[in-house]
1. With under 30 Å from Phe530 (Cα atoms) and either open to solvent by 20 Å² or more (accessible area, probe 1.4 Å) or β-branched (Val, Ile, Thr) (or both) as the only criterion, which of Thr488, Thr480 stands out?
2. What is the residue count in region 587-612 for residues that are assigned to a strand (DSSP E or B) and within 27 Å of the chain's Cα centre (by Cα)?
3. Can you tell me which of Thr614, Thr668 is open to solvent by 10 Å² or more (accessible area, probe 1.4 Å) and under 25 Å from Ile555 (Cα atoms)?
4. Tell me which residues, restricted to region 374-432, are open to solvent by 60 Å² or more (accessible area, probe 1.4 Å) and part of a strand (DSSP E or B).
5. Condition check: of a type in the set (D, E, K, R), more than 22 Å from Thr660 (Cβ to Cβ) and open to solvent by 20 Å² or more (accessible area, probe 1.4 Å). Does Glu551 satisfy that?
6. Within the group Cys452, Cys510, which residue is open to solvent by less than 30 Å² (accessible area, probe 1.4 Å), more than 20 Å from the chain's Cα centre (by Cα) and not β-branched (Val, Ile, Thr)?
Amino acid sequence: MSSEVPASLSHAPGTRGARILRGRGGCHPRPPATAPRFEQLEAADVGQVFKIRLGHTGEGFGPSWFVDTVWLRHPAVREADLTPEEEARRKKEKDKLRQLLKKERLKAKLQRKKKKKKGSDEEDEGDEEEESSSEESSSSSSEEETEEEEEEEEFGPGMREVIEEYKFDAHRWLARGKEDNELVVELVPAGREGPEPNTYEVQVITGSEPKAGTDANVFLTIYGEEYGDTGERPLKKSDKSNKFEQGQTDTFTIYAIDLGPLTKIRIRHDNSGNRPGWFLDRIDIIDMNNEITYYFPCQRWLAVEEDDGQLSRELLPVDESYVLPPSEDEEVGGDDNNPLDHLALEQKDKSTTFSVTIKTGDKKNAGTDANVFITLFGTQDDTGMTLLKSSKTNSDKFERDSIEIFTVETLDLGDLWKVRIGHDNTGKAPGWFVDWVEVDAPSLGRCMTFPCGRWLAKNEDDGAIVRDLFHADLQTRLYTPFVPYEITLYTSDVFAAGTDANIFIIIYGCDAVCTQQKYLCTNKREQKLFFERKSASRFIMELEDVGEIIEKIRIGHDNTGMNPGWHCSHVDIRRLLPDKDGTETLTFPCDRWLATSEDDKKTIRELVPYDIFTEKYMKDGSLRQVYKEVEEPLDIVLYSVQIFTGNVPGAGTDAKVYITVYGDLGDTGERYLGKSENRTNKFERGTLLPSSLPPDLKPIFSITKDVQADTFIIEAADLGVIYKIKLRHDNTKWCADWYVEKVEIWNDTNEDEFLFLCGRWLSLKKEDGRLERLFYEKVRERQPGGLVQPWPVLLIPGVAQWNPGCQRCNGPGLCTSGQEYTGDRSSNCSSPADFWEITLSSKMADIDIATVTGPMADYVQEGPGESSRELIRGGAGTWMRFGCSWTGHVLNPHHHLTYI
């Protein structure tokens with residue numbers, strides 16, 4: 001034969017991996033009486049060997065191989081086994097040594113008695129003789145002990161090195177077309193106690209999804225509790241002529257050593273053939289020796305273009321009640337839910353999802369066209385060889401200076417300590433320079449970096465195309481572990497309720513702790529498959545842990561697809577209890593449209609929980625179910641947002657503007673300001689005078705600051721005290737530059753008002769070239785009762801007057817004579833040189849109204865406060881106080897310029 005021969009040694013509870021055996025001078029056919037001599041294998045000590053796995057690749061001109069006998073010899077340290085003669089001799093030597101020691105003790109005792117009778121001089125002479133005699137006796141005894149213990153020094157007392165020999169009888173063919181067509185066989189040592197051979201009948205059930213079948217080569221590994229695994233076996237010979245077709249069950253037979261109770265299986269394919277994508281429903285394995293059937297549900301894709309792009313899955317066994325239909329005698333529930341749906345969250349918690357990031361070096365010809373694979377090694381298990389086919393970042397993978405991100409999901413590996421990365425050296429340019437590999441495990445809260453900085457190429461470096469990498473401790477990043485959430489979204493039963501858009505969700509806990517915005521669908525196909533009318537779409541996600549209490553969620557979509565509008569009935573979020581002895585399900589009612597053509601034309605909704613359903617397993621094994629309503633949920637509030645565009649050249653913008661409002665209870669998320677409540681053309685430069693104003697009002701407006709106010713309504717859960725906003729635009733359209741004067745936010749529920757002084761450009765061409773800015777609320781004085789104390793106000797004409805309320809200027813800034821402020825103008829309140837400014841200053845408390853002359857004299861009078869001045873309108877008409885603002889009675893309070 002001319003194939004490569006892989007072999008592996010096994011000991012309880014696992015294997016030590018396969019090794020390629022290469023005979024000296026080749027492993028070709030020889031006369032029957034001759035056995036090929038293989039090179040020695042170096043590996044960690046596996047202890048007592050209970051089985052070996054022997055096979056070949058089936059390649060070459062003559063791959064068929066008849067195996068007769070396999071001999072295995074290896075050195076081992078064992079407890080010394082002595083013959084009766086050796087035991088008698090050792091006993092005699094020990095008795096002789098014991099008598100010699102007894103004589104020495106008696107001699108030393110006599111010497112001590114003589115010392116007492118003799119004088120000091122004689123005692124000194126006796127001491128010298130005693131010391132010399134004792135030294136001679138001790139040296140002789142120590143020499144005897146040393147000779148006896150020389151052999152035991154290396155391996156320990158009573159231990160010695162022996163050569164253990166195992167014989168494995170095969171007497172069978174490993175060849176296609178002969179016997180059972182198998183290329184791999186497991187053998188147990190002859191004449192020793194150990195596991196018995198077993199037969200496993202494997203039934204692979206392909207799902208009924210469209211294009212669920214595959215033409216790829218499929219491989220299976222079965223894991224047991226007692227005796228390791230079967231190794232990866234190709235599923236070649238099915239009872240069907242065309243394997244793995246849609247809705248079909250294929251049966252295979254695997255011969256192996258009895259593994260004990262089965263714990264998991266690993267199923268994968270090599271992505272070959274015309275249609276490699278495969279939707280696997282489940283795998284049933286029958287233990288023929290023990291007559292036990294194990295059920296391994298999957299119900300997921302193994303495909304590059306579907307689901308998470310993985311070609312390999314590890315599956316856990318479940319009870320038959322979850323997969324088999326109920327009998328006629330059993331009561332059938334009224335719902336159509338799949339029983340496996342209730343296991344998805346628990347199984348996700350038992351698995352670990354790794355995000356693998358690979359950086360290709362920035363060197364000439366650093367990229368590769370070969371098929372790349374990776375293996376993650378933990379202290380308890382490894383992932384096996386995993387093909388990296390579906391990158392989340394690039395369609396053309398592993399190009400020079402590129403970064404690729406892949407998903408690898410597996411069961412518990414223990415502590416990750418090594419990765420093995422390599423390729424098959426195929427393609428036009430297989431050589432590859434790997435900079436580093438990063439493995440992030442959100443459920444473990446650990447991100448580890450594995451430096452490489454070497455070539456994987458036959459013609460570079462040392463010629464290796466596979467390398468083992470070890471993590472750098474100093475580059476390991478620790479964070480709070482993620483937890484699994486089961487998110488179920490229910491689409492209403494109304495006309496056109498379904499959507500093709502991509503839905504996202506954010507979950508909020510207490511103290512504004514929240515998850516990242518997470519899109520639920522991974523590709524266009526899922527967007528079309530889920531969120532149909534009168535349907536429930538279920539997703540399992542690993543997200544940040546928001547704590548014990550979920551206060552609200554935010555759902556929305558990107559408004560893409562043929563029919564983006566969506567009518568959501570409600571949302572359920574299910575998660576494990578802290579002790580993982582049960583689950584809790586929170587229900588968030590919605591029953592509204594998320595559409596630009598329906599309802600209030602919003603595509604984002606914030607929802608608060610209504611009730612909580614808890615299921616907990618008690619110590620006696622019973623299931624306790626508790627239903628309760630949420631106490632004091634957050635209120636849904638309408639916020640009126642007024643944005644004032646400044647009156648400077650080019651101040652208006654045609655770009656898309658977004659705002660995020662932050663409070664001590666959370667934030668609104670980024671909201672697109674699409675429809676202004678009071679203007680059709682948004683964010684235009686401030687106009688001088690509205691043409692519809694009565695003549696008697698023009699004197700008042702002619703001395704006020706010229707700004708453009710646009711009003712928007714934002715619906716959100718109560719934010720509490722608002723302290724910050726973030727404004728940005730996308731810099732699109734012809735006139736994108738934007739000068740923002742200020743922003744006012746009004747809570748329609750409790751009438752709280754928040755002022756944010758801006759006075760900055762959002763432009764790539766002006767100031768510091770930023771398109772996004774943060775602004776903080778202007779701090780206002782409050783009376784002991786909680787009411788805002790009105791500042792004194794005065795309108796003073798000027799050419800470059802400074803806003804005294806600016807927090808960064810930190811000063812009143814403008815004297816009563818109207819002189820220009822000459823301080824720092826780098827704050828949010830930078831002002832142009834061609835407007836009138838309202839001065840807010842406590843210094844005005846000392847102003848004598850009688851001294852005010854000129855056109856302003858008619859607009860200043862005593863206010864109700866002891867130290868305040870209030871602007872009034874002279875002549876016809878009156879001005880009225882609105883809250884803590886001054887408002888013209890002829891205008892809507894939310895649609896006019898208000899100064900506080």
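1. Unique residue meeting the criteria: Thr488.
2. 7
3. Thr614
4. Matches in region 374-432: Ile403, Trp417, Arg420.
5. No; evaluated as a whole, the condition is false for this residue.
6. Cys452
Rundown of residues vs (1) under 16 Å from Val202 (Cα atoms); (2) touching a Leu at 6+ places or on another chain (Cβ under 7 Å); (3) at pLDDT below 90, yes/no style:
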site: Asp215; (1), (2), (3): no, no, no
site: Gly224; (1), (2), (3): yes, yes, no
site: Asn242; (1), (2), (3): no, no, no
site: Phe252; (1), (2), (3): yes, yes, no
site: Pro261; (1), (2), (3): yes, no, no
site: Arg266; (1), (2), (3): yes, no, no
site: Asp284; (1), (2), (3): yes, no, no
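Residue by residue, here is whether (1) acidic (Asp, Glu); (2) touching a Gly at 6+ places or on another chain (Cβ under 7 Å); (3) modelled with pLDDT of 80 or more holds:
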{"position": "Arg53", "(1), (2), (3)": "no, yes, yes"}
{"position": "Asp68", "(1), (2), (3)": "yes, no, yes"}
{"position": "Thr83", "(1), (2), (3)": "no, no, no"}
{"position": "Glu87", "(1), (2), (3)": "yes, no, no"}
{"position": "Lys114", "(1), (2), (3)": "no, yes, no"}
{"position": "Glu123", "(1), (2), (3)": "yes, no, no"}
{"position": "Glu130", "(1), (2), (3)": "yes, no, no"}
{"position": "Ser133", "(1), (2), (3)": "no, no, no"}
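The values are calculated or read from the model by the stated rules, or taken from the named source; none is laboratory data. Computed from a predicted model, the values in this text were never measured in an experiment. All Cβ positions, glycine included, derive from the backbone under ideal geometry; neighbour counts span all protein chains shown. The protein model used for the area step is the full one, side chains on, heavy atoms only, and it has no ligands, DNA or RNA in it. Shrake-Rupley method; radii C 1.70, N 1.55, O 1.52, S 1.80 Å.
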